[in-house]
């Protein structure tokens, strides 16, 4: 929940209130996966920026202080709502395959996958989209100079940030890969070892690249000396990037996926994200089941229904979804209520459906998310990633830019699961310049009385975690409970219910097994949800950061703003 902090404006402990209903929020709010990012977003809005300026600042700070989750060597999706005209749009800053990539890039002479080739080193890296996205958002939607919004990240890159327990755990997991890149080892390790708690990570080369972007816009990254250094470093280490790959990269503005459930409008990410399509499908199936069978009669009944709709949505994800600029994605059919009702008719209320092999691997668990609301009602939900922790583990010398390994999100061998167990089909096969399929699902859920801004990291489990968050918000209660609640997940294959501790009571587990479900307790917690709720009827704003992570949420009245009482 929001934490009171000192600074400009009136900080609130848990919520801001108005004496009468206002068309504007009574406060601004940021929920992000790292306190430094939350602080930067609040500071930018307090200095006169809007939610979009804050999104640039938060994205850039996360790129510095969460190198295991996101970065300017990666990409993401920024879901924007403009309060002035009511427009929702998605900024697609997803990475794309190098122009020299081909369908069999990671197969050996025998047609078998080469272990680790799509995960480790520069050959695993797609062309980054985050720098272009930040410039685009600042130029088209922000009101502050790009240099001002990037200043907090530049300062943190130069002055450093302290190592925390999550950093140490992720660096230990990817230690061998980081050691394989001398520039990465120098940047993120201490004499070849995982840094101690509290050690300062300083990234002067990254600060210089961020300064180049601040001064030159996209040319500071995609052209000139920075681009030359990136390409030379990648190619010298066995990658296939070219200067044309960088110069030709373009951000795409897309219409979000929109659906309805129980009087709420759901706005979420469009392809090449699979999130919006899957969410609308799952909610549509749930509504059809409720109409046919009535409310769930028990905890096991509710879990069974959710698992069965998850199963069907993830099957369609594998069969139909990919980059809409290169393959035909039947979005209108997949998101139509009649299609959802047809899928729901195949659900047996008492028996699990089998997940059959598909005739035809997900984002890393350390993606990041943030949510922002400003005092004018502009809002942003953004999910960013470099895929596996510390991405490819490769830093081109003299750049400080840690590269992603998002190429693993393609179907390197259709029908074969990737690093996280997701199976893909032909629609997501590798092709030159193609964007890889994603599960990132930044989402708005709105009713007549409320606005909810949410999202989470978590790889293939992102979509189902956002589903849990939407359903919790519709049911009401304390947002801190929504982000903290234990979760369960099903993704068609493997055919099992993955669940956190305390997510399923013993009696519920027994009944699910009787219905034919296979259960798989999760070894660790998953997700790191960041959420904001504007209750327009009550005139309150609340924000919550998932206790699984180290993030923070802050709500603050901006003095003199449209939303100040």
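Suppose the filter is surrounded by fewer than 21 Cβ atoms within 10 Å (Cβ to Cβ), at pLDDT 95 or above and touching a strand residue (DSSP E or B) at 6+ places or on another chain (Cβ under 6 Å); does residue 543 pass it?
No.
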Note to self: Filter region 108-138 down to the residues that are assigned to a loop (DSSP other than H, G, I, E, B), more than 19 Å from residue 236 (Cβ to Cβ) and touching a helix residue (DSSP H, G or I) at 6+ places or on another chain (Cβ under 7 Å) and list them by number.
What the structure shows: 118, 119
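Going residue by residue through region 65-88, is there one that turns out to be surrounded by 22 or more Cβ atoms within 10 Å (Cβ to Cβ), in a helix (DSSP H, G or I) and at pLDDT 95 or above?
Step one: list which residues in region 65-88 are surrounded by 22 or more Cβ atoms within 10 Å (Cβ to Cβ), which gives 65-81.
Filter once more, so that each one left must be in a helix (DSSP H, G or I): 65.
Checking which are at pLDDT 95 or above leaves us with 65.
Scanning region 65-88, I find at least one residue that is surrounded by 22 or more Cβ atoms within 10 Å (Cβ to Cβ), in a helix (DSSP H, G or I) and at pLDDT 95 or above, so the answer is yes.
Go through 456, 464 for me and flag whichever is buried (at least 23 other Cβ atoms within 10 Å of the Cβ), closer than 21 Å to residue 170 by Cβ and in contact with a strand residue (DSSP E or B) (Cβ under 7 Å, 6 or more places away or on another chain). Give the derivation first.
Details: 464 fails: closer than 21 Å to residue 170 by Cβ.
Result: 456 is the single residue among 456, 464 that is buried (at least 23 other Cβ atoms within 10 Å of the Cβ), closer than 21 Å to residue 170 by Cβ and in contact with a strand residue (DSSP E or B) (Cβ under 7 Å, 6 or more places away or on another chain).
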Checklist line | Lone qualifier among 433, 391, 364 - being surrounded by fewer than 20 Cβ atoms within 10 Å (Cβ to Cβ), within 24 Å of residue 252 (Cα to Cα) and either under 16 Å from the mean Cα position of the chain (by Cα) or modelled with pLDDT of 95 or more (or both) | finding: 433
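The values are calculated or read from the model by the stated rules, or taken from the named source; none is laboratory data. Every value quoted in this text rests on a predicted model; they were computed, and no experiment measured them. We place every Cβ from the backbone using ideal geometry, glycine too, and count neighbours over all the protein chains shown.
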